[in-house]
Amino acid sequence: MTYDVIIIGGSYAGLSAALQLGRARRRVLVVDAGNRRNRFTSHSHGFLGQDGKAPGEIVAEARRQIEAYETIDWIDGLAGNVSGAFDAFEVEIDGGERKTGRRLVIAAGVTDDLPPIPGLHERWGQSVFHCPYCHGYELNQGRIGVIAASALAIHHGLMLPDWGTTTLFTNGAFVPDQEQRAHLAARGTDVEEGSIQGIAGTADVVLTDGRRLAMDGLFTQPTLRISASWIEPLGCSLEETPMGTTIRTDAMKQTTTRGVFACGDIARPAGSVALAVGDGAMAGAAAHRSLMFPDL
């Protein structure tokens, strides 16, 4: 059987795309490896109607609703290779199974590459974060550290005083100029230029000079990396942003390859659950439109 649409990735964006297409009574296959980007955190915030719920609970309930649509199939597996063209795409799933589809929606997500600081990765999603809107409130206006990984640290340094007492640790990755220092000072952000030895306790920053500065939470700037090796051979153009690599799309989430749409974190430089759901809805509707009007 040839599906109308194959969706690669069954997290928030992929589920949202599937919902639109299922409600249009199109034959849809979702292929999902189960590696949600926010799997490291215990609670998801900022998504209307689901604020404070565990990410796994949100996805499980969404999948239950999706699978109630009789035209939607689901495979738990990794898309190992994708090939073909408009009206005739082929997805090879780990284990060798092959599925064909007229359209593709890529919602495969990204990998976060963190600064190589001992103790940082182990606390990712628990006391080390990247989005103030997702995790800042729960720090209860406490002590917040910003660990610079690039010049983007200035944005965290200026934003986070709204969520707590903020210290920017430059760690040799970013040196604010005089104007930036003035803006940071106006916001009440301290600047610490010592090198970081590692992270200890809940979120304590241990400096190479022996000082240990206690923090209630830390923010840093991961670099987004696309793990799927088949995206460029498929013809999808990539875009290098200050936050990392994403798939280039238009406002309708169409990639540069005809019949291929992309949504969620893999197709935007900054994301959240709410934005992923919105992007997925757009991608699903656009894929349906492409099926109805293939010549547009």
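Listed values, structure above:
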{"quantity": "Test set (1) in contact with a Leu (Cβ under 9 Å, 6 or more places away or on another chain); (2) assigned to a loop (DSSP other than H, G, I, E, B); (3) crowded, with 22+ Cβ neighbours inside 10 Å - Y69 fails condition number", "calculated": "(3)"}
{"quantity": "Residues that are under 16 Å from the mean Cα position of the chain (by Cα), in a strand (DSSP E or B) and not hydroxyl-bearing (S, T, Y), drawn from the range 239-270", "calculated": "E239, E240, G244, I247, A262"}
{"quantity": "Residues of the range 13-37 classified as buried (at least 24 other Cβ atoms within 10 Å of the Cβ) and outside any strand (DSSP E or B), total", "calculated": "7"}
{"quantity": "Complete set of residues in the range 274-292 that are touching a Gly at 6+ places or on another chain (Cβ under 7 Å) and buried (at least 24 other Cβ atoms within 10 Å of the Cβ)", "calculated": "A276, D279, G280"}
{"quantity": "Residue within the range 80-98 that is closer than 19 Å to P269 by Cβ, in contact with a Lys or Arg (Cβ under 9 Å, 6 or more places away or on another chain) and surrounded by fewer than 21 Cβ atoms within 10 Å (Cβ to Cβ) present", "calculated": "no"}
{"quantity": "Residue satisfying all of: in the range 155-174; among the small types (G, A, S) and part of a loop (DSSP other than H, G, I, E, B); surrounded by the most Cβ atoms within 10 Å (Cβ to Cβ) among these", "calculated": "G164"}
{"quantity": "The range 46-83, subset of a type in the set (V, I, T) and in contact with a helix residue (DSSP H, G or I) (Cβ under 8 Å, 6 or more places away or on another chain), residue farthest from G14 (Cα to Cα)", "calculated": "T71"}
{"quantity": "Single residue of the range 81-96 satisfying the filter (assigned to a loop (DSSP other than H, G, I, E, B) and among the small types (G, A, S)) that is farthest from S290 (Cα to Cα)", "calculated": "G95"}
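Throughout, read-outs are computed from the coordinates displayed, never taken from laboratory work. These numbers come from a predicted model, not from an experiment. In this analysis, Cβ positions are derived from the backbone assuming ideal geometry, glycine residues included, and neighbour counts consider all displayed protein chains.
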